[in-house]
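Below is one structure, written out as structure tokens, with a few remarks after it.
The values are calculated or read from the model by the stated rules, or taken from the named source; none is laboratory data. Predicted, not measured: the structure shown is a model, and the values here were computed from it. Backbone-built Cβ (ideal geometry, glycine too); neighbour counts: all protein chains shown.
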Amino acid sequence: MASSLKAALAGLAAALVLGAAAVAAADDDTARRVEQSRAVVADFAKTLKGELTRAMSEGGPTAAIGVCQQVAPAIAADASQRTGWTVGRTSLRVRNPANAPDAWEQETLRGFEARKAAGEKPSELETYGFVEQDGRKVFRYMKAIPTGKLCLACHGSELDPAVRAALAEAYPGDRATGFALGDIRGAFTITQPR
Ligand code: HEC
């Protein structure tokens, strides 16, 4: 009797410890997901910028269009496969309609614009949290992408006519020109299953 009570109490104590650990894990979960999202985004940005810079210096912007067209989606697909998440880029003014934002992304991008207008640095804008989507809870993360000097050749106001023509041919509905240095060009976006 005594020993079975002891066992029951031990079991209860273990359950309480596990319960406490589960609560701690739930609390830590967001921090871990944010850290992992930041790492994936940093990697995506670095790889793409490296490829883009190399292609621009080798063949100029017209040749580098192919990098953005093929390499950017390939990096996104690779990151998605590696993590089991959905990793991509989006914007309020997209070049490729496949990158168009969904409702949560639109709202987040508008929030980024408002925060920038209120004085926050575009390079530091991020948003994340658990969101209900198609009846299930997912974790979503977005980080703003500022327009740098390198970007203006293909997203600025004064495009080289050859670049303009190549873009018009590949992206008839292109809305991603007319950006200025420091504008929010768009954002990296990640959806993680719960
Ligand atoms: C050589 C031309 C070129 C340069 C330079 C360039 N881009 Fe792009 N960008 C493109 C093309 C082409 C696409 C469409 C890619 C696709 O089909 O997914 C694109 C798409 C994007 C998208 C995805 C959303 C959308 O509009 O479809 C973002 C965000 C973006 N570019 C940001 C940048 C930033 C930031 C820079 C500077 C670091 C930059 N780009 C430099 C050509 C360029």
Q) Of all strands (runs of 3 or more DSSP E) completely enclosed by segment 78-194, which ones contain at least 3 residues that are more than 12 Å from the ligand (Cβ to nearest atom) and surrounded by 13 or more Cβ atoms within 10 Å (Cβ to Cβ)? A) 126-133, 136-146, 184-193
Q: Give segment 128-157 a look and list any residue that's more than 19 Å from the chain's Cα centre (by Cα), modelled with pLDDT of 95 or more and over 19 Å from T53 (Cα atoms), or say none.
A: S157
Q.
Condition check: farther than 20 Å from Y171 by Cα and either in a helix (DSSP H, G or I) or of a type in the set (K, R) (or both). Does A74 satisfy that?
A. no
Q) Does segment 156-178 hold any residues that are closer than 25 Å to V87 by Cα and touching a residue at least 60 places away in the same chain (Cβ under 8 Å), and which are they? A) L167, A170, Y171, G173, D174, R175, A176
Q: Examine segment 102-124 for a residue that is in contact with a Phe, Trp or Tyr (Cβ under 7 Å, 6 or more places away or on another chain) and within 23 Å of D43 (Cα to Cα), and state whether such a residue exists.
A: no
